[in-house]
Amino acid sequence: MLNICLITDLHIDALGYSFNGIDPRANFVKVLKEATSKSPELIVLAGDLCNKVGDLEIYYWIKDQMDAVNIPYYCIPGNHDDASLMMEVFYKDTFVSRSELFFVKEFHGHSLIFLDTSQGNMSTEQYSWLNKIVSAIQKDVFIFMHHPPILAIAKHMEPNYAFQQMEEFQSFCAAFQDKSFRIFTGHYHFERSIAKGNITTYISPSTYLQIHPDYEEFKILHDRIGYREIKVTDQSVVTNVNYL
Ligand SMILES: [Fe+2]
């Protein structure tokens with residue numbers, strides 16, 4: 001069995017920053033400690049590591065926290081991140097002269113795909129790379145990306161900040177009818193699982209604050225923080241969200 005913990009939407013800001021009494025650095029440290037206690041083989045940070053824009057100091061601070069727990073981890077950029085700065089900090093010398101941070105990793109017999117949707121879309125180059133990777137996978141396709149690629153009824157987030165290529169992405173997946181796509185995302189700041197065609201998307205809550213999905217204006221749903229556990233065997237995928 002492969003046990004993964006997904007932590008997302010950290011929204012770390014300058015040292016000492018707080019919003020509504022929420023300290024995003026303290027929140028992240030708490031969630032990381034709790035996730036680590038489950039002894040996962042892998043931790044994924046699914047984007048929006050930074051609160052507003054990508055920042056080297058913040059990425060180095062997060063790297064320090066992650067290196068200290070001594071569990072393998074990968075991170076992908078969200079719309080508030082800078083993919084180039086993340087490459088510099090987390091993947092030094094791995095993605096020379098690339099503008100997008102996408103890659104695949106073989107982990108305990110599973111191909112885990114990590115995409116870059118930080119611009120709200122994916123380049124033609126990223127789609128054609130993904131096409132080659134998915135074509136070579138015999139089993140379920142596991143993708144980590146920041147933005148959900150199917151509608152999830154998020155009344156504030158979707159009209160303003162949704163992935164811009166939902167139709168294109170869904171057509172891409174539909175071309176692989178023999179495969180199931182299991183897609184793990186953040187971005188909307190609440191927990192929801194939705195399915196369409198051969199795509200199941202698992203949206204995970206933020207370690208910062210949760211956004212109400214039923215109001216068009218920005219409204220905090222609650223400030224409980226959590227992370228997602230994903231347990232993969234050859235026969236099944238079991239996933240659940242734990243709140244602290
Ligand atoms: Fe976010």
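Every number here is computed from the coordinates shown, using simple stated rules; none is lab data. Since the model is a prediction, treat every value here as computed from it, not as a measurement. Every residue, glycine as well, gets a Cβ built from its backbone with ideal geometry; the counts of neighbours run over all protein chains shown.
The table for this structure:
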item: Environment charge of THR201, counting only residues whose C-beta is closer than 11 Å and scoring Lys/Arg +1, Asp/Glu -1; result: +3
item: Computed [θ] at 222 nm, deg cm²/dmol, the chain (DSSP H ≥ 4; -39,500 (n - 2.57); rounded to nearest 500); result: -7500 deg cm²/dmol
item: Around MET166: net Lys/Arg minus Asp/Glu count, Cβ-Cβ under 14 Å; result: -2
item: Close Lys-Lys pairs in the chain, where close means Cα under 16 Å and separation is 8 or more or interchain; result: 12
item: Surrounding net charge for MET157, when Lys and Arg each add one and Asp and Glu each subtract one, Cβ distance under 14 Å; result: -4
item: Relative contact order of region 2-243, pairs being alpha-carbon contacts under 8 Å that are 6 or more residues apart, as %; result: 21
item: Sparse-neighbourhood loop sites, trypsin sites (Lys or Arg not before Pro) in region 123-183 - DSSP loop, at most 13 other Cβ within 10 angstrom; result: LYS139
item: Dipole magnitude (debye, nearest 20) for region 2-243, charges at Cβ of Lys, Arg, Asp, Glu; result: 600
